[in-house]
1. Run residue 192 past the list (1) under 26 Å from residue 113 (Cβ atoms); (2) open to solvent by 70 Å² or more (accessible area, probe 1.4 Å); (3) of a type in the set (D, E, K, R) and report the number of the one that doesn't hold.
2. In this structure, does residue 78 turn out to be hydrophobic (A, V, I, L, M, F, W, C) and under 30 Å from residue 183 (Cα atoms)?
3. Could you grab me the full set of residues in the range 13-33 that are under 25 Å from residue 130 (Cα atoms), open to solvent by less than 50 Å² (accessible area, probe 1.4 Å) and assigned to a loop (DSSP other than H, G, I, E, B)?
4. Hey, can you tell me all the residues within the range 220-251 that are within 17 Å of residue 187 (Cα to Cα) and either of a type in the set (Ser, Thr, Tyr) or in contact with a Lys or Arg (Cβ under 9 Å, 6 or more places away or on another chain) (or both)?
5. Could you tell me whether any residue of the range 45-52 is in contact with a Lys or Arg (Cβ under 7 Å, 6 or more places away or on another chain) and open to solvent by less than 50 Å² (accessible area, probe 1.4 Å)?
6. Being at pLDDT below 75 and open to solvent by 60 Å² or more (accessible area, probe 1.4 Å) is the filter here, so list the residues in the range 178-189 that pass it.
7. Go through the range 59-94 and give me each residue that's free of Cβ contacts under 8 Å to residues at least 12 places away in the same chain and either of a type in the set (Phe, Trp, Tyr) or not in a loop (DSSP other than H, G, I, E, B) (or both).
8. Checking residue 98 against (1) open to solvent by 10 Å² or more (accessible area, probe 1.4 Å); (2) without any contact (Cβ under 8 Å) to a residue 60 or more places away in the chain; (3) part of a helix (DSSP H, G or I), which test does it fail?
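The values are calculated or read from the model by the stated rules, or taken from the named source; none is laboratory data. Everything numeric here is computed off the predicted structure, so don't read it as measured data. Cβ placement follows ideal geometry from the backbone for every residue including glycine, while neighbour counts extend to all protein chains displayed. Side chains included, ligands, DNA and RNA excluded: accessible areas come from the protein's heavy atoms. Shrake-Rupley method; radii C 1.70, N 1.55, O 1.52, S 1.80 Å.
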Amino acid sequence: MSIEANNLRIVLVGTQHPGNIGSAARAMKTMGLSALHLVAPERFPDPEAVALAAGADDLLAAAPVHGDLLQALAGCRLVVGTSARRRTVPLPELSPREAARQLVQASAEGPVALLFGRERTGLENEELQRCHASVCIPTDPGFASLNIAAAVQVLAYELRLAVLEAAGGQLPVGRPAPAPDAEPPATADELERLFGHLAEALDDIDFHKGRAPEMVMARLRRLYLRAGLDSREVKILRGILSEAQRMARLARAAGA
């Protein structure tokens, strides 16, 4: 199983303190990770980030800065979000070890992403909805506060173990190994285009009958993310949606 280190993206979303970016880069480099992506950081670049990177400033120099999360997830086959507490967005919950195994295994097929949220509030529900699963570090409930860089260090260590395990020839537990002729898993951006198309089609066929569509779309997101669609399946579903929209237009024209 071939592992490409650049396929393992660490994505920091809305980081408020530049020192945390530098410390996270240092944590990554100690574990052989190099693909740092930043989404709308409050202060970056910044001398404090360079100072706390302590030799990992090459990761900072190479880190793309994205205006929104979808840009950072472009091409990703698997997205896992970190969360310190239960959210209103129900997701499969993985242990750090299982999350690392699944991420490393999926990285053989293309980029994957591990998301870390803001210092005070973590990832927002809308951001978690873009994830296939969540991971929570089992800290002591009596003192659960964990700095972002420390969280990155813990999960980077688990990724390092999973990479070493895969390199040793033992297939990580998690997703079954893909068949040699299997289609690649759908990327995050392909799925977002599917969800946008699905929302349009449901409106075109008047599925919601005037009711708020947010809950239905949230449930459909979870359904399709849980299914693990590949690129060909996404194209088939979008073809079905296009045909449904075409028939809806014909029905409206006939009734006009």
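1. Of (1) under 26 Å from residue 113 (Cβ atoms); (2) open to solvent by 70 Å² or more (accessible area, probe 1.4 Å); (3) of a type in the set (D, E, K, R), only one is false for residue 192: (2).
2. Numbers: hydrophobic (A, V, I, L, M, F, W, C): yes; under 30 Å from residue 183 (Cα atoms): yes.
Taking the combined requirement at face value, the residue satisfies it.
3. 14, 15, 16, 33
4. 221, 224, 225, 228, 231, 234, 238
5. No, the range 45-52 contains no residue that is in contact with a Lys or Arg (Cβ under 7 Å, 6 or more places away or on another chain) and open to solvent by less than 50 Å² (accessible area, probe 1.4 Å).
6. Pass one, the range 178-189, residues at pLDDT below 75: 178-182.
Hits for the range 178-189 are 178, 180, 181.
7. 61
8. (2)
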